[in-house]
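Heads up: the structure comes next, in structure tokens.
Quick note: the coordinates plus some simple rules give every number you see, no bench work behind them. Nothing here was measured: the structure is a model prediction, and the numbers come from that model. Here Cβ is always computed from backbone atoms with ideal geometry, including for glycine, and neighbour counts include all displayed protein chains.
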Amino acid sequence: MAEIITKATRESFGMALCELAKTNKDIVVLDADLAAATKTSIFKKEFPKRFRDCGIAECNMMGVAAGLAASGKIPVAASFAMFATGRAFEQIRNSIAYPHLNVKIAGSHAGISTGEDGATHQCLEDIALMRTLPGMVVLNPADHYEMMAATKAAVEYKGPVYIRLGRLAIDSFNDPDTYKFELGKGITLHEGNDVAVIATGLVVNEALKAVRELKTQGINARLINIHTIKPIDEEIIIKAAKETGRIITVEEHNIIGGLADAVCQVTSAKCPVPVTRIGVEDKFGYSGPAKELLEIFGLCKDNIAKVITDVVKG
Amino acid sequence: MNSKEEKQLKILACKSRIGAILGTYNAKSGHPGGSLSAADIFTYLYFKEMSVDPKNPDDPYRDRFVLSKGHCCPSLYATLALKGYFQWSELEKLRHVGAMLQGHPDMKGTPGIDMSSGSLGQGVSAACGMALAAKLDNNNYRVYTVLGDGECEEGQVWESAMFASHNKLDNLVIIVDQNGLQIDGPVEEVCGIEPLDKKFESFGFKVVKIDGHNFAEIENAFITAKETKGQPTAILAKTIKGKGVSFMENQVGWHGTAPNKEQFEQATSELEAELAKLEGEC
């Protein structure tokens, strides 16, 4: 069993950037007065000359990133997911995505697990916003090891990438000795043919605990981790739909526009099956400790296990 | 600049205006007013100021230009064609399906376009990024961007202005094409931006005010910009919207309206008469 590392993916991201920047001299990191929170502060400390704080001006930051990319740099523009993808959406669309510039956008404090800051800061729409943009790669890594590998892949990929970072420290579940990140490829974490659970990001580990527990009760659920929401792995979804006939999606995002819709777009066209969606059901969040909120919104092992049981037992 | 050089620039600017009218007429849409007001600035940039090579448009050490007021691309396209980036005949296909020349600048499809633009307020930020990239690599290329006076109503312009002066981007020159008009009317009636010089000064810029149709003044402004160290420069260029076409000058309605056949012929004949006069003087 690999060592379990308990770390927020924002921190893993900051560490990965630092590691990559040692050999890749083109990486430039921008932040909008949230370096301490997005953890680009780790990079700032190590590479102060290649870090620029843009101040509380996300729209300008995205444009500066576009200009840096147009001049051969690999800019990483970080802020909270809400402000990076929401406030600066049109700048990302017109100055980054339309010219397909090599900018990496990092959205931290994504999802309900942002916690006490409440609804204004709990971004539940970032995946929806980013996946509508032509050519934008959308990544949502699930643990420390996956974030380290995904950050490397994002930097190596030539084109715009959105990468979602979480605030809450979570346990790792991947084994670094065997783990392999492939852009656009889902990973089957647990085999089973009763139902296919497709999860993304911070809640993957909860889904993994749920399917493992259910196996002891005779329910064999397949679990697929989708770290790349765009381009989505159609093959693994179609195979799961054909072999299980039932899909459950799990995401820390509005059930509109995120993983659920991405999966349904594949199944409805290629292999229609019933899809049950676990996520935030078209609501805003509110203040509270992250773990409590995740339980209230059903993004925890017990609720995932309950939904799986209900779906399987009909 | 000697008088011969000035005459050559005037000829090129006149041709650029002819191209803008040709393009918008064939497109049956587009923005002639601001294209005509900015034509002298584009001409000066590409034929006197910037170090660029149309045979090597992606040269990493070239000077860069961002047309933040992207809708005024018809005369920029004409200037780029005159410089040799692509054929003049492309202007006849402006805004057509499959055309190289899009309604707003597209860096992926048009040689010589350094940044896609069109959504107002965004160009200065991109220009800041380019200027910062030069600083990070100790390159000495310079970055120029033209924006509209109405565009200065966009908050992002001021976000980028703060960024430019905070980062001491003295390799960045902002040129405001101050033709005084925007779609809904005179800028000062819609949502006034004055005193623009004091605004840019207080944001940390070296400010130079000029007549944007006077090449000697344009030249002096760019010389000042080059001599300015430790801060970016803003050139506030007073211009006439629709400059060079009698019935378009200072008319709000010519912001985003294409000439019909009769108007196209009249505008072209006026500009060609001016061109013949300039060439006759050479």
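Points to keep in mind about this one:
- Listed residue pairs exceeding 29 Å between alpha carbons, taken from B:K55/B:K226; A:K7/A:K242; A:K185/A:K215; A:K44/B:K108; A:K158/B:K135; A:K45/A:K185: A:K7/A:K242; A:K44/B:K108; A:K45/A:K185
- Rounded to 10°, Cα long-axis angle of helix A:144-156 versus longest principal axis of chain A: 50 degrees
- If R0 is 35 Å, the Cβ-Cβ spacing of A:E235 and A:K22 corresponds to a FRET efficiency of close to 0.50.
- Overall form of chain A: prolate. Here a/c, set by the Cα gyration tensor axes a ≥ b ≥ c, is 1.5 or more, and a/b is the larger of a/b and b/c.
- Per residue, the Cα convex hull of the range B:3-281 amounts to 112 Å³.
- All aspartates and glutamates inside 19 Å of B:K4 as judged from Cα atoms, apart from same-chain residues fewer than 8 positions distant: B:D40, B:E49, B:E217, B:E219, B:E274, B:E279, B:E281
- Helix A:204-215 and the long axis of chain A differ in direction by around 10°, with both axes built from C-alpha atoms.
- Rounded to the nearest whole angstrom, the semi-axes of the ellipsoid equivalent to the protein assembly as shown, taken from the Cα gyration tensor as √(5λ), stand at 52, 25, 20, largest first.
- By the count of other C-beta atoms within 10 Å, a proxy for reagent exposure, A:S172, B:S51, B:S119 are ordered fewest to most as B:S51, B:S119, A:S172.
- Pairs from B:K10/B:K241; A:K180/A:K239; A:K239/A:K291 whose Cα-Cα separation, in the structure shown, is over 29 Å: A:K239/A:K291
- For the range B:142-168 and the range A:185-260, distance of Cα centres in Å: 47 Å
- Axis of helix A:58-70 versus longest Cα principal axis of chain A: the two differ by about 80°, to the nearest ten degrees.
- Global form of the range A:45-170, assessed from the alpha-carbon gyration tensor, a/c cut-off 1.5: rounded
- Residue order, fewest to most surrounding Cβ atoms within 10 angstrom, among A:K270, A:K209: A:K270, A:K209
- Chain B, helix-only ellipticity at 222 nm - DSSP H runs n ≥ 4, -39,500 (n - 2.57), divided by all residues, nearest 500: -13500 deg cm²/dmol
- Simple spin-label estimate for B:D58 and B:K209 gives 4.4 nm between the two label positions (7 Å along the Cα-to-Cβ direction from each Cα).
- For the protein assembly as shown, a simple Cβ point-charge model (Lys and Arg +1, Asp and Glu -1, everything else neutral) yields a dipole of about 1060 debye relative to the Cα centre.
- Using a Förster distance of 51 Å, the FRET efficiency for A:T309-A:K45 (Cβ separation, nearest 0.05): 0.60
- Cα gyration tensor shape of the range B:209-273, rounded if a/c is under 1.5, else prolate or oblate by comparing a/b with b/c: prolate
- Counting every C-alpha pair in the range A:187-309, the share spaced more than 16 angstrom apart comes to 57%.
- B:K108-B:T224 pseudo-label distance in nm [points 7 Å out on the Cα-to-Cβ vector]: 4.0 nm
- Translational diffusion of the range A:186-238, µm² s⁻¹ [Kirkwood Rh, Cα pairs; Stokes-Einstein; 10 °C; 1.306 mPa s]: 143 µm²/s
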